[in-house]
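Take a look at the structure below.
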4 protein chains.
Amino acid sequence: MALNRRLTAVWPWRLLIAALIATAPIQPAWTGETPAVDMKSDSCGDTTGLPKGVKPWWPSRYGADDQIGTLNEITPAVVLNAVRLVKTGNVVDLGRILDEDTPKFPGRYWHQTVDVSAPYTNLRRSDTVGQGWGKNQINWITEIQVGTFQVGTQLDSIGHIQIGDRFYNGWRDRDVVEEWGLNHFGMESVPPIITRGVLIDIAAYKGMQRLKPGYVISLADVRGALAKENVSVHAGDAVLFHTGWGGLWDRDNKTFLSGEPGPGMEVVRWLYAHRIALTGADTWSYGPVPGEDLDRPFLVPQTMYVKLGLFGLENLATEGLAKRKVYEFLFALTHHKTRGSTAAIIAPAAVY
Amino acid sequence: MALNRRLTAVWPWRLLIAALIATAPIQPAWTGETPAVDMKSDSCGDTTGLPKGVKPWWPSRYGADDQIGTLNEITPAVVLNAVRLVKTGNVVDLGRILDEDTPKFPGRYWHQTVDVSAPYTNLRRSDTVGQGWGKNQINWITEIQVGTFQVGTQLDSIGHIQIGDRFYNGWRDRDVVEEWGLNHFGMESVPPIITRGVLIDIAAYKGMQRLKPGYVISLADVRGALAKENVSVHAGDAVLFHTGWGGLWDRDNKTFLSGEPGPGMEVVRWLYAHRIALTGADTWSYGPVPGEDLDRPFLVPQTMYVKLGLFGLENLATEGLAKRKVYEFLFALTHHKTRGSTAAIIAPAAVY
Amino acid sequence: MALNRRLTAVWPWRLLIAALIATAPIQPAWTGETPAVDMKSDSCGDTTGLPKGVKPWWPSRYGADDQIGTLNEITPAVVLNAVRLVKTGNVVDLGRILDEDTPKFPGRYWHQTVDVSAPYTNLRRSDTVGQGWGKNQINWITEIQVGTFQVGTQLDSIGHIQIGDRFYNGWRDRDVVEEWGLNHFGMESVPPIITRGVLIDIAAYKGMQRLKPGYVISLADVRGALAKENVSVHAGDAVLFHTGWGGLWDRDNKTFLSGEPGPGMEVVRWLYAHRIALTGADTWSYGPVPGEDLDRPFLVPQTMYVKLGLFGLENLATEGLAKRKVYEFLFALTHHKTRGSTAAIIAPAAVY
Amino acid sequence: MALNRRLTAVWPWRLLIAALIATAPIQPAWTGETPAVDMKSDSCGDTTGLPKGVKPWWPSRYGADDQIGTLNEITPAVVLNAVRLVKTGNVVDLGRILDEDTPKFPGRYWHQTVDVSAPYTNLRRSDTVGQGWGKNQINWITEIQVGTFQVGTQLDSIGHIQIGDRFYNGWRDRDVVEEWGLNHFGMESVPPIITRGVLIDIAAYKGMQRLKPGYVISLADVRGALAKENVSVHAGDAVLFHTGWGGLWDRDNKTFLSGEPGPGMEVVRWLYAHRIALTGADTWSYGPVPGEDLDRPFLVPQTMYVKLGLFGLENLATEGLAKRKVYEFLFALTHHKTRGSTAAIIAPAAVY
């Protein structure tokens, strides 16, 4: 596949991302194995085929070649401030357990099957003694997993959504799609995320166990809740919303998937203006469903990913933080780096 | 499946893990959605069928009901000390990218295929305008992934290996195996790991680019390297070994998989005595291959997982830390909580 | 895998099946690529561990080394007689369409996802002209399928079921199980089946649209229905039962899977005595559910596969034949030869 | 998915295919569960976007609504003539065994893993006696299979290939692509195939063990070989070519996949003019590779599927017939009817 992966791309490959980042206005915190890419594409010079009234949204705030969007905001200084928030050393798991029964968006699935063949095949090895391989009688068990990503608690790649056939920074399907996934914006391009986390408990602010489906979280809600919590947001933050909707997970999956409350467009623009790094909620998507504009489905994540390069998290288990009234914490998210994936199955941690 | 999952288990189910942990000698740091289990089993009272010379290794140091082994050592105090190690805010990614070509143990595989059907099916919606769904012309791309776990950079569950048909704490295959995975020791039972990390650069200590396959890292090596690095290990640490073997990854996969250097039994016992929480290396397994005792294959991880409950990490990208001579750091590992899995595909981060 | 496949087997491998069959009392009709196996096993000499009151059922009627059971009955003469039954040249499809929504036994699943990446990747080839690869603008579409076998209209391997850990001819799990499937009794060992087919319409005989779940088809029913149809059974036949239960397929899947009518033990022994080659029905398993003996679940297929080596078919679309009152026909079943599988997804044809 | 499947299609659904076929000039032989579709599409009226010099190839010879192309030629009379060819009752298997090691086109794969969990979970049932469920101690083994279709011996759907984004009868990707496969031309729409088979042994005619890669089988070759075999082709036939290339299968997979001999465009047009129903060979594709026109890759199958609706078979095990000099036979192919698939894994049989 390696060969194929390279041949199907017409652009030169293998310039160091380090070189790219060196020209960016901000120096992100992370170092590691990352795909080296030259992001120049003819598509970006061509601005035809956009929806009526939509102007080119590129180049992005982080440069024409950028593919990590608002994660650029997580500088070493941001990381350093974040770790200083830890006062007790307690860790709250923000991930939900994934299995084949947990609620999933239509078309998504995940199955796992145990592989207990080794306890049989090891019995046939010539040096088997008793019940396994060798005098130590070793056996092992593995499993097969099959499914889509975009299930469970997840981190989306900004490549997951498009406007027509265009991605963040103006790239097009014809530039990016490979048989094995996306050649840009895959999870391997997304750094581990260690930053300050903020929980905005809108349910508590509104005095409700959970917000209604389609409820549009307003900027006034956000400001009011933050004031109540005595917290403010900073550049590089992970801003998480507790809507209470996650309480339906595995209790009433049908209702859970039927809609959701979420931040409206006004809030998203405000988050972007405040240069936050990523945002998430205890809902299966991000933003109200049904949305503010019925003619524009899923406009919130579409705007976030494609126009702004603002990363989103879904199905967060925010209730642990809400219950403890922990509104400020070290947010840690280290995800699998499967090449070309549009999402990762995750379980971030809040440390306070 | 939920029904099946419960019916096939004969033991009472659903005691709170909180209750169990309350009786444990140590209070781990984390809180979150965890499987509630009653760990009592008739198997543990029965000590028949063990390999010659092997005595029952249970109950474990953390109690007869424990299933997280040495991760119990990560207390809030340990977490608090770990975050205080961060001086610069730099983040080093310790994960390797996974794709179908990266090296895998025989029998393991991983494939991903892009799903770009939405750009076609959205064209047929009644409210489509132009190139996608709605006036915002939204489209999305997902993917199908299929494969085994136990691939790429990974965290093993201590349920991955057995002695004969016995697990950690004496449980047996007949108690633990479900069609969908393991009903104990699955990744959903493993907490997010935020702790102090230590890198022991044995390659540098021995003045080699990489150790030889089958090289047994001795306790003297470990002590010498630590002295050279001016670092010591503490209870709750993540102790990582740089052997240089990972330099073969994706460069010479055949040699990479043909064997590996690794810590010997003496080192493992020493790590356990020092109450470290987990250990890992830049190799595809953990421990020398071929091993110290040719009649006992993979004795190191077998002892770690089954007898000690000591967690292991594989295929770590340790070279970033080694190059920077970062030997002490905040280690963050938040992994997918797929129910019943014996491993997670991970990319931990070191923050220094 | 090839290496692994061979190493894990301790018995000598690669004697020609031709040699084995040469010693069998019957010469089956087919020739083709088949797995060459030496069927000798120490397990067969050991008769311990059988259920109370059960005596060794091996060697089979077709020899100690046989793995195709009653399919041995399909001789060239049987085939020749079968094709002579065709009078009109009409073909009735006996298979049901399989998709992710069709009814499945708990734990079984099947998913398919389209792969339309080529229309994008072909656009990036250097010799692309317009909308595809080359001047002929070629594109292609494929798909990913994942799932268990044992779904939809199916042919079971006689290796699918065991008594304890014993198979047909006394083999044990420890002899037969490989990571990739079964090293004996896999679908690759099952010949294409061209033989005489007989439909026994028990629903019509009983004057019912469909039999009740748990209804035990008796030998009297069989004899009565055959007399009414003016048909008899012969050695080598495929004997199919129409119970009407299949009318629930995709109409009321919950009821469909809740039980089923089927031939009782008396009928199975009679079919075996008449040396039929295989038998099937329009039900998800074969035999009544609940069964005749509540302490012995699925005793009918267990007896057929393990003790008798009598092959079974499930989820047949028998209504087309029943409606046309076609009771005698050429039965054609050519199935995928996936190595080591315990079943094939099929759609046999009746030609009359 | 059922809901989704219907909502994403904008055309009315559920007219009986019987009604459609009633208007076709030919009455095919088969009856059975088939997808009911209304094939009208706006795409067919629009003839824009074709490659330079290519004129609309629709409506097809079998009508604008047809989706089974040349399989329409298999009438009851054809079937009746075919069964009369059987003289000895011998059956030759034309399928090759599929496993993860058998040769596959780049991007295609297939994996199977055994599921032996039941022997463990059955031990925990309350009515278990000894080694399995119930007093009959039943256990079972299944497997998980994952992969692409388009592997092994296969039958292609005519929907597998396009010219630009156009299919047979002028349909377009935007009409046909669903997340779960193709809503037209899927394997569920392809009837079981019982017809006369003809083997044309070009290798023997040319006096070679196997033809060279890229060798273009000419019409003169075909006529010469048929004359030597004393056989002619008829409407409705399955015409199979023995090139000897299949002898490399599993012996030298690299060479096998590096190219292939095959019928040229002239032969395909001649087959179509003779109204044959389908054609196949012992090669991984059909037609010479490299092809006759280097600017037009895979022009032979593209023409067959898209323009002509002529079905193709790949990786046939033709050597059994060639060795026996069986050139005329009953050809039986009954394939899995997985909804929306572009191919089936098959093992057809020749009966002579």
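Where a number appears in this text, it was derived from the coordinates with a stated rule and is not lab data. As the structure is a prediction and not an experimental result, all values here were calculated from the model. Ideal geometry is used to build each Cβ from the backbone, glycine not excepted, and the neighbour counts take in all protein chains shown.
The same position D:Phe105 in the other copies lies at 3.1, 3.4, 3.5 nm from this copy, comparing label points 7 Å beyond Cα toward the beta-carbon, shortest first. Electrostatic tally near A:Thr318: other residues with Cβ closer than 9 Å to its Cβ, Lys and Arg +1, Asp and Glu -1, net -3.
Sparse packing (at most 11 other Cβ atoms within 10 Å of the Cβ) combined with a DSSP loop state is found for the following trypsin sites (Lys or Arg not before Pro) in region A:187-283: A:Arg251. Under the convention that each Lys and Arg Cβ holds +1 and each Asp and Glu Cβ holds -1, the size of the dipole of chain A around its Cα centre is about 480 debye.
One quarter of the convex hull surface built on the alpha carbon atoms of chain B amounts to 21.4 nm², the projected area averaged over directions. For region B:199-332, lysine pairs with C-alpha atoms less than 17 angstrom apart, excluding pairs fewer than eight positions apart on the same chain, total 6. Placing a label point 7 Å from the Cα of B:Thr47 along the Cα-to-Cβ direction, the distances to the matching points in the other copies come to 3.9, 7.9, 8.8 nm, shortest first. A P(r) calculated from all alpha carbon pairs of region D:268-329, with 10 Å bins opening at zero, reads 20, 46, 29, 5 percent. Counting neighbouring beta carbons within 10 Å and listing from fewest to most, the residues B:Ile200, D:Ile97 come out as D:Ile97, B:Ile200.
Annotation: the residues B:His184, D:His234, A:His242, sorted from fewest to most other C-beta atoms within 10 Å of their own C-beta, follow the order D:His234, B:His184, A:His242.
Using the Stokes-Einstein relation with a Kirkwood hydrodynamic radius computed over Cα pairs, the translational diffusion coefficient of region D:164-203 at 20 °C and a viscosity of 1.002 mPa s comes to 165 µm²/s.
Report the charge-dipole magnitude of region B:54-201 in Debye, nearest 20, computed about the Cα centre from +1 at each Lys and Arg Cβ and -1 at each Asp and Glu Cβ. Can you show the working numbers first?
On the way: 14 positive and 18 negative charges, 74 e Å.
Using Cβ point charges on Lys, Arg, Asp and Glu, region B:54-201 gives about 360 debye.
The Cα atoms of the protein assembly as shown cover 87, 76, 62 Å along the three principal axes, with the biggest extent listed first. Summing charges over neighbours of A:Lys135, with a neighbour being any other residue whose Cβ is under 14 Å away from its Cβ, gives -1 when K and R count +1 and D and E count -1.
Of the residues C:Val198, C:Val239, C:Leu333, the one whose Cα sits farthest toward the positive end of the charge dipole of region C:194-344, with +1 on the Cβ of Lys and Arg and -1 on the Cβ of Asp and Glu, is C:Leu333. Computed over region D:67-111, the convex hull of the alpha-carbon atoms projects to a mean area of 6.0 nm². Of all residues in chain A, the one whose Cβ lies closest to the rotation axis carrying A onto C, together with that distance in whole Å, is A:Val146, 2. For the peptide D:301-308, the mean number of other protein chain Cβ atoms found within 10 angstrom of a residue's Cβ is 2.
Any idea what the dipole of the protein assembly as shown comes to, in debye rounded to 20, about its Cα centre with Lys/Arg Cβ at +1 and Asp/Glu Cβ at -1?
0
What is the mean number of Cβ atoms from other protein chains located within 10 Å of the Cβ atom of each residue in peptide D:126-133, rounded to a whole number?
Working: counts 2, 4, 1, 5, 7, 9, 9, 4.
The shielding value for this peptide is 5.
Positive end of the charge dipole of chain B (Lys, Arg +1 and Asp, Glu -1 on Cβ, about the Cα centre): tell me which of B:Val83, B:Thr70, B:Val151 has its Cα farthest that way. Highest projection toward the positive end goes to B:Val83.
R0 = 45 Å: FRET efficiency of C:Phe105 with A:Arg251, Cβ-based, nearest 0.05? Present the calculation step by step, with values, prior to reporting the outcome.
Numbers: r = 27 Å, r/R0 = 0.61.
My answer for the efficiency is 0.95.
Along the axis of the charge dipole computed for region C:46-180 (Cβ charges of +1 for Lys and Arg, -1 for Asp and Glu, origin at the Cα centre), the listed residues C:Pro51, C:Gly134, C:Pro103 are led at the positive end by C:Pro103. Dividing the convex hull volume of the alpha carbon atoms of region C:162-321 by its residue count gives 130 Å³ per residue. Other protein chain C-beta atoms within 10 Å of residue C-beta, averaged over C:98-108: 5. Phi-derived couplings, Karplus 6.51 cos²θ - 1.76 cosθ + 1.60 at θ = phi - 60°, listed residue by residue for region A:72-79: 4, 6, 7, 8, x, 5, 4, 4 Hz, with x used for Gly and Pro. According to the Kirkwood relation over distinct C-alpha pairs, the hydrodynamic radius of region C:136-255 is 18.5 Å. Beta-bridge orientation, chain C: approximately 70 percent antiparallel, per DSSP, counting only bridges with both partners inside.
Would you kindly calculate the mean projected area, averaged across all directions, of the convex hull enclosing the Cα atoms of region B:122-177, in square nanometres?
Values: hull surface 31.5 nm².
The orientation-averaged projected area of the Cα hull of region B:122-177 comes to 7.9 nm².
How charged is the neighbourhood of B:Arg196? Take every other residue with its Cβ under 13 Å from the Cβ of B:Arg196, and add Lys/Arg as +1 and Asp/Glu as -1. Combined, the nearby Lys, Arg, Asp and Glu give -1.
Label-to-label distances for B:Ala227 across copies, nearest first, come out at 6.4, 9.3, 9.9 nm, using points 7 Å from Cα in the beta-carbon direction. Take B:137-150, A:103-116 and order them by the average number of nearby Cβ atoms within 10 Å per residue, most first; the result is B:137-150, A:103-116. Based on alpha carbons, the Rg and Dmax found for region B:70-193 are 22.3, 62 Å.
Would you please report the Å³ per residue occupied by the convex hull of the alpha carbon atoms in region D:76-138? Please report the intermediate quantities before stating the final value.
Numbers: hull volume 17.1 nm³, N = 63.
Taking the convex hull of the Cα positions in region D:76-138, it is 271 Å³ per residue.
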